[in-house]
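Engineer: Just dropping this structure here.
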Amino acid sequence: MSTTTTRGVAKPASAKASQARPRRGLRSNATLNFWLFTGPFLVGLVIFVFVPIGWSIWLSFFDARYTVTPSHFIGFDNYKQILTNSNFPQSLLTFTVFAAFIVPTTWALSLGLALLVNQLRFMRAFFRSVFFLPTAVSYVAAALIWKMSIFSGVRFGLLNTVLGWFGVDNIAYLANPSPPWYWVVIVSLRLWIQAGFYMILFLAALQNIPAELYEAAEIDGAKRGWQTFRYITLPQLRATSTAVVLLLLVAAYQAFDEFFNIIGTKATWAQTPLMELYKAALGNSQDYGAGSAGAVILSLLICVVTLAQGRIMGFGRGEESK
Amino acid sequence: MSTTAPQLGKKRKKRGSVLGNTGLYLAVGIAALLFLIPFYLILRNALSTDPEITGENWKLLPSFQWGNISELFDDQTVQFGRALWNSTVVAVLMTVGTLLVCSLAGYGLARIPYKHSNKVFYVVLATLMVPTAVTFVPSFVLVSSLGWVDTYRGLIIPGLFSGFTCFLFRQYFLGFPKELEEAARVDGLGYWGAYWRIVVPNSLNFFAAIATITFISGWNAFLWPLVIGQDPSSWTVQIALSSFMTNQTVNFHLIFMATAVSILPLVFVFLFLQRWLVQGIAQTGIKG
């Protein structure tokens, strides 16, 4: 594939360059090369990102049940319907509860692991690998283990076996929504998968803290442990912490895999925003209008978070420095 | 452990206390054990018989039923080999395609002087505002209109044009030493030649990091393959696993063996490429 592209494009490029050797030729050579390098990507970006987004904004204003080329314009009815007449608002609540659980716990656990691993002098790479390894596991595989082995509601489930040793009766973690044991299942799963990943971010940040700061603090009489952590480590990690929290929020917002596989779309509880979109657009109703309206609302909501994230993580910072 | 600790700790006396070290390693050790439990469960159940898995008495070690492996691949109702193949094709082609398309674009944006280069870059940046998962409804609308449902094309191509990966490559190439390229220029190489002969061979670490991340996310992807793969013949491993969970006909030991087999390639990729992966994440702060 690459050979044909080289041949196809190299020729006109060199022809142009030899035509007008001086400045002008060089510049057009650069322009041509710019499009040669970025062209394939940009074409794909337009077709597979911009067209779908535009299309779905268009669909969201039409009665688009069972069709993607609707003709009946209905204004904001799809938005009204999905915001009042569906489970979509409920799913935003589910997300909020989920985020309230998963963001602080992942933040604390990954920071805790990073602090521990950072102090190790032996087998440090080993322990780092162990905590990082779950990142390679898919949410589906983890959901399977969580649902069918660890939190299986029957006797042979690992947790029920362990609790059984202490005389606790079997708990059906996933059978019904009250008490909401399912949050334990969902949250612990995501915690297991993503803690190691954020630990790596914290480890990198910890290693960037200048050792002099700790030495200076020691001279000033700060005690190792809580005091240095509170007044040096934590403030020095602020940028990373903020980034981690925002990444966690965006990830929680898009939660789908483990909810779909553990809770399922037929349950009336714990349905995430993406699950509601999935049901609206690809379920029995095939209502692409309502599904698109929901997608637009979600995108707008997440834009706010991403923009904030961009600010903090410095997306596009290259401009000024360039 | 405690014998070498004081040697290393000479510079910082206070750190080397044996008691503190024991506590530290105890804490890390317990945490590590907890993190490894799910892996143990997969392997134990994958190599057990069904009665062993569901038995009342918990057995620590399975009876090592290696025959479960061949049983899994021989079972025609499950079609797991097919799913494994699909996942391999999708993850490999996605990795190759993403690296090719996004690295070229990233290089063009970073290094080729063009007056509207910044405007083009903003167009790319704009796509970062909308996460791909949220756009699966419109993407499905497009892909189904193209007739790409149940095809490799439909599974792979829409995922290649990652604004974020392009952005990462651009940032990386901005920091690539100019002198190397200028030397290539003096030797008469154009942008294209310099890119392939000088820039790429000197950036293999970064390419490996992005490749690992892309491969893992391609292999583990669930939502998009679920939407696109309507016929079982186009299912990836993740969709097959998911169907086992709701489908009551598949036996426990086969489900867990399938899970083990689906995770194994990634664990290997992960262990061998971890260095690049860690480097990549530390540099970029992302997962695919």
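Engineer: Among rounded, prolate and oblate, which fits the stretch B:75-284 when a ≥ b ≥ c are the square roots of the eigenvalues of its C-alpha gyration tensor, a/c under 1.5 means rounded, and a/b larger than b/c means prolate?
Structural biologist: prolate
Engineer: So, one more: Please compute the net charge surrounding residue B:225, taking Lys and Arg as +1 and Asp and Glu as -1 over other residues with Cβ under 15 Å from its Cβ.
Structural biologist: In short, -1.
Engineer: Expressed as cubic angstrom per residue, what is the convex hull volume of the alpha carbon set of the protein assembly as shown? Can you show the working numbers first?
Structural biologist: Values: hull volume 119.7 nm³, N = 610.
Spread over its residues, the Cα hull of the protein assembly as shown gives 196 Å³ apiece.
Engineer: Of A:148, A:98, A:137, which is farthest towards the positive pole of the stretch A:88-270's charge dipole, taken about the Cα centre with +1 and -1 on the beta-carbons of Lys, Arg and Asp, Glu respectively?
Structural biologist: With unit charges placed on the Cβ atoms, the residue in question is A:148.
Engineer: Translational diffusion coefficient, Stokes-Einstein: compute it for the stretch A:88-270 using the Kirkwood radius over C-alpha pairs as Rh, at 25 °C and 0.890 mPa s, and state it as an integer in µm² s⁻¹.
Structural biologist: Rounded to a whole number, D works out at 133 µm²/s.
Engineer: If you place +1 on the Cβ of every Lys and Arg, -1 on the Cβ of every Asp and Glu, and leave all else neutral, what size is the dipole of chain B about its Cα centre, to the nearest 20 Debye?
Structural biologist: That gives chain B a dipole magnitude of about 1760 debye.
Engineer: Quick check: net charge around residue A:109, other residues with Cβ under 15 Å of its Cβ, Lys/Arg +1 and Asp/Glu -1?
Structural biologist: +2
Engineer: Toward the positive end of the charge dipole of the stretch B:75-284, about the Cα centre and with charges on Cβ (Lys, Arg +1; Asp, Glu -1), which of B:98, B:78, B:236 goes farthest?
Structural biologist: B:98
Engineer: Shifting gears a bit: Stick to the Cα atoms of the stretch A:89-156, pair each with every other, and give me the Kirkwood hydrodynamic radius in Å at one decimal.
Structural biologist: That comes to 14.8 Å for the stretch A:89-156.
Engineer: How would chain A be classified by its alpha-carbon gyration tensor: rounded, prolate or oblate, with rounded meaning a/c under 1.5 and the a/b versus b/c comparison settling the rest? Present the calculation step by step, with values, prior to reporting the outcome.
Structural biologist: On the way: a/c = 2.12, a/b = 1.15, b/c = 1.84.
Oblate, because a/c is 1.5 or more while a/b does not exceed b/c.
Engineer: For chain B, what is the mean residue ellipticity at 222 nm derived from helices alone (per DSSP H run of n ≥ 4: -39500 (n - 2.57); sum divided by total residues; nearest 500 deg cm²/dmol)?
Structural biologist: -21500 deg cm²/dmol
Engineer: Please report the relative contact order for the stretch A:64-196, taking Cα pairs under 8 Å with a sequence separation of at least 6, and give it as a percent rounded to a whole number. All intermediate terms of the calculation are to be shown ahead of the outcome.
Structural biologist: Details: 90 pairs, mean separation 34.0, N = 133.
In percent, rounded to a whole number, it is 26.
Engineer: Provide the per-residue ³J(HN,Hα) series for the stretch B:40-51, in order, calculated from phi with Karplus coefficients 6.51, -1.76, 1.60 and θ = phi - 60°, each as a whole number of Hz, with x at glycine and proline positions.
Structural biologist: After applying 6.51 cos²θ - 1.76 cosθ + 1.60, I find 4, 4, 4, 5, 4, 5, 5, 9, 9, 8, 4, x Hz.
Engineer: Taking the Kirkwood radius as the inverse of the mean 1/r across Cα pairs, report the Rg/Rh of the stretch A:189-292. Display every interim value, and only then the final one.
Structural biologist: Working: Rg = 21.6 Å, Rh = 17.2 Å.
In the stretch A:189-292, Rg relative to Rh is 1.25.
Engineer: Which of the listed residues, B:31, B:112, B:126, is farthest toward the dipole's positive end in chain B, when Lys, Arg count +1 and Asp, Glu count -1 at the beta-carbon?
Structural biologist: Checking the options against the dipole of chain B, the answer is B:112.
Engineer: Count the net charge of all other residues whose Cβ sits under 12 Å from the Cβ of residue B:105, scoring Lys and Arg as +1 and Asp and Glu as -1.
Structural biologist: Its environment carries a net charge of +2.
Engineer: With +1 on each Lys and Arg Cβ and -1 on each Asp and Glu Cβ, how big is the dipole of the protein assembly as shown about its Cα centre, in debye rounded to the nearest 20?
Structural biologist: Approximately 2400 debye in magnitude.
Engineer: What is the order of A:123, B:257, A:148, fewest Cβ neighbours within 10 Å to most?
Structural biologist: A:123, A:148, B:257
Every number in this text was worked out from the coordinates using simple rules, so none of it is lab data. Here the structure is a predicted model, which means the values were calculated and not measured. Neighbour counts are summed over all protein chains in view; Cβ atoms, including those assigned to glycine, are modelled from backbone coordinates with ideal geometry.
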